[in-house]
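Comments concern the structure below.
The values are calculated or read from the model by the stated rules, or taken from the named source; none is laboratory data. Because the structure is a prediction, the values reported are computed rather than measured. Because the Cβ atoms are built from the backbone with ideal geometry, glycine has one as well, and the counts that use them run over all protein chains shown. Note: areas computed on protein heavy atoms with side chains; ligands, DNA, RNA excluded. Shrake-Rupley method; radii C 1.70, N 1.55, O 1.52, S 1.80 Å.
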Amino acid sequence: MSAAAGDPGLVVPRSVAVIMDGNGRWAKQAGLERIRGHEKGIEAVRTTVTECAQLGVQALVLYAFSEENWQRPQREIDLLFKLLKRFLAEELPTLMQHRVRLVHSGRRERLAPDVLDLLDRTIAATAGNAGMTLSLAISYGGRQEIVDAVRALAADVQRGAMAPAAIDEAAIHARLYHPELPDPDLLIRTAGERRISNFLLWQVSYAEIHVAEVCWPEFRAEHLHAAFRDYGRRVRKFGKVT
Ligand code: IPE
Ligand code: IPE
Ligand code: MG
């Protein structure tokens, strides 16, 4: 049982999104190459996924590779995807054990065939799991997701399936990559950085934001619990008067 169970101040959000940042800085501080930070970050991914699943989070979105990250040196990109493949291959038993359903958020176009193949196979293998949904945001951009939704809408209007006046928030939401996922209640960013970096722009409209000072490779259950305790102290008004 999790140490968090029985902690009265800890409120488990229905949906959590994480900007996993600071791998490079962690490595630099340790006198290592940037890629060692990404490697070490896998431990934090494993802990966060299993802890969220155990605590009853319904949806967890992890920002693993942004649209903008394609501008990094090719060597770093190659190593990041090598790590992703290793993660997918090694973590399947853990995902099955915790009944986690995997999905992908992002554009498929730039992903290599072997990455797509492993991603698709893991998604298929976990499709029947009824526990938490884990969305890996890879080759993901919030603006690009909105562009893709608008394109789909425009195509529906063009073929006469929808009137422009019928476009509302629900129509846009329905065309996001995973409309079945609840909007994040809590957005966590590590490494002390206070920006959104093109993550889930539509969905974070009313998310509570928690910034953890630790770099992602050091993020552990205690930091997740601290974020959930912080979340438990928030008064969510959604524009209303309480
Ligand atoms: C986050 O760590 C991982 C990815 C963006 C893929 P960074 O690589 O951004 O680490 P810093 O921000 O340079 O420390
Ligand atoms: C955001 O982190 C992307 C991911 C965590 C995958 P970055 O490190 O790329 O963001 P910036 O450049 O600091 O905004
Ligand atoms: Mg960074």
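Going by amide H atoms built from the backbone, whose H comes under 5 Å of the H on GLU208, apart from near neighbours?
Sorted by chain and number, the residues that satisfy this are LEU186, LEU187.
Take ILE138, ILE42 and sort them by solvent-accessible surface of the protein heavy atoms, 1.4 Å probe, largest at the top. Don't jump to the answer; show the numbers that get you there.
On the way: ILE138 0, ILE42 30 Å².
Ranking ILE138, ILE42 by accessible area, largest first, yields ILE42, ILE138.
Can I get the semi-axes of segment 148-242's equivalent ellipsoid? Compute them from the C-alpha gyration tensor as square roots of 5 times the eigenvalues, in angstrom, largest first.
Equivalent-ellipsoid dimensions as semi-axes: 34, 17, 10 Å.
Give the distance, in whole Å, between the Cα centre of segment 4-44 and the Cα centre of segment 58-102.
Between the Cα centres of segment 4-44 and segment 58-102 lies a distance of 13 Å.
Taking 0.36 nm per residue of separation and subtracting the Cα-Cα distance, what length does fully extending ALA166 through ALA112 add?
Stretched out fully, the ALA166 to ALA112 stretch lengthens by 15.7 nm.
Just to confirm a number: summing +1 for Lys and Arg and -1 for Asp and Glu over residues other than ARG75 whose beta-carbon lies under 11 angstrom from that of ARG75, what do you get?
Counting the neighbours of ARG75, the net charge comes to 0.
Report SER66's accessible area, 1.4 Å probe, all protein chains in place, as a number in Å² to the nearest 10.
Its accessible surface works out to 10 Å², give or take rounding.
Can you give the convex hull volume per residue for the Cα atoms of the chain, as a whole number of Å³?
143 Å³
Mean separation of Cα pairs under 8 Å and 6+ residues apart, divided by the residue count of the chain: what relative contact order is that in percent?
30 percent
For the ranges 14-24, 218-228, 157-167, what's the packing order if you count other beta-carbon atoms within 10 Å of each residue, average per peptide, and put the highest first? List each step's numbers first, then the result.
Working: 14-24: 23.2, 218-228: 19.6, 157-167: 10.3.
Put in order of decreasing packing, that is 14-24, 218-228, 157-167.
Mind listing which chymotrypsin sites (Phe, Trp or Tyr not before Pro) in segment 177-209 are in a DSSP loop and have 16 or fewer other Cβ atoms within 10 Å?
Qualifying residues, ordered by number: TRP202.
Given that compact globular proteins tend to follow 2.2 N^0.38 Å, what is the ratio of the alpha-carbon Rg of segment 85-157 to that value?
Rg over 2.2 N^0.38 Å, computed on Cα atoms: 1.26.
What ratio of Cα Rg to 2.2 N^0.38 Å holds for segment 134-200?
It is 1.34.
How far apart, in nm, are the 7 Å Cα→Cβ label points at ARG143 and THR242?
Between ARG143 and THR242, the simple spin-label model gives 3.4 nm.
How would you rank 143-155, 109-121, highest first, on the average number of other Cβ atoms within 10 Å across their residues? Walk me through the numbers on the way to the answer.
On the way: 143-155: 15.2, 109-121: 13.3.
With the highest mean Cβ count within 10 Å placed first, the list reads 143-155, 109-121.
For segment 2-128, report the translational diffusion coefficient in µm²/s to the nearest whole number, using Stokes-Einstein at 20 °C, 1.002 mPa s, and a Kirkwood Rh over Cα pairs.
134 µm²/s
Could you give the dipole magnitude of the chain about its Cα centre, charging the beta-carbon of Lys and Arg +1 and that of Asp and Glu -1, in debye to the nearest 20?
It works out to roughly 240 debye.
How large is ³J(HN,Hα) for each residue in segment 143-154, as worked out from phi by the Karplus curve 6.51 cos²θ - 1.76 cosθ + 1.60 (θ = phi - 60°), to whole Hz, x for Gly and Pro?
So the Karplus estimates, Gly and Pro as x, are 5, 5, 5, 5, 4, 4, 5, 5, 4, 5, 5, 4 Hz.
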